[in-house]
Amino acid sequence: MTTSASIAAAIMTTYHGKCTCGQTQWDVKLEPDQAKHILCHCNTCKSLSGGTYTLNQIIPRSALTFTSGESALKKYTYTGESGNAVHCYYCANCTTHPFHHQTVMGDDKIVVRTGLLEGGEKFEPAAEIFGKVRWAWEREVAETFETLPPS
Ligand SMILES: [Zn+2]
Ligand SMILES: [Zn+2]
């Protein structure tokens, strides 16, 4: 392990997540600059959540560990904006959706729902994506991108 990797590992914080029914529980390790919400206003997020946006962060797959209920997760797959599959993993009992995998990002990156993490109420909004379909009465709370930020 390199010195810089040791420093990065030392400052990571573990956040606990739990579904509504308690069957599914997980831990997410975040670096300080990842302990922030990316608001997604896309129409799929509206439909899946029943709200006007979801709260997310992109993390390495290795930063997410399930402590219960992993084997009982169900998967829903849809085709994302990029034309690639998006796999959503949710509690089979209560439908809480801890994370999804956008295959366009490669095998190592996943998207966790930061709004489900204990302490998430203290995270700041870092950016808003799919601002083109943000509902008109919602105020901008962070830098907004029409769809995704340029990569
Ligand atoms: Zn559940
Ligand atoms: Zn979305």
Inset, instruction - Among the residues of region 55-72, count how many are assigned to a helix (DSSP H, G or I) and touching a residue at least 24 places away in the same chain (Cβ under 8 Å). - result: 5
Inset, instruction - Filter region 15-31 down to the residues that are of a type in the set (S, T, N, Q) and assigned to a loop (DSSP other than H, G, I, E, B), then identify the one that is nearest to Thr65 (Cα to Cα). - result: Thr24
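This table checks each residue for (1) closer than 20 Å to Gln23 by Cβ; (2) within 11 Å of the chain's Cα centre (by Cα); (3) at pLDDT 95 or above.
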position	(1), (2), (3)
Glu70	yes, no, yes
Thr77	no, no, yes
His87	yes, no, yes
Cys91	yes, no, yes
Phe99	yes, yes, yes
Val112	yes, yes, yes
Gly115	yes, yes, yes
Glu121	no, no, yes
Glu124	no, no, yes
Legend entry - Residue satisfying all of: in region 104-151; of a type in the set (Gly, Ala, Ser) and touching a strand residue (DSSP E or B) at 6+ places or on another chain (Cβ under 9 Å); farthest from Lys36 (Cα to Cα) among these: Gly131
Inset, instruction - May I ask you to say which residue of Thr144, Thr114 is buried (at least 18 other Cβ atoms within 10 Å of the Cβ), among the polar types (S, T, N, Q) and touching a residue at least 12 places away in the same chain (Cβ under 8 Å)? - result: Thr114
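The values are calculated or read from the model by the stated rules, or taken from the named source; none is laboratory data. On a predicted model such as this, the values are computed, not experimentally measured, just so you know. As a convention, Cβ positions derive from the backbone with ideal geometry for all residues, glycine included, and neighbour counts pool all protein chains shown.
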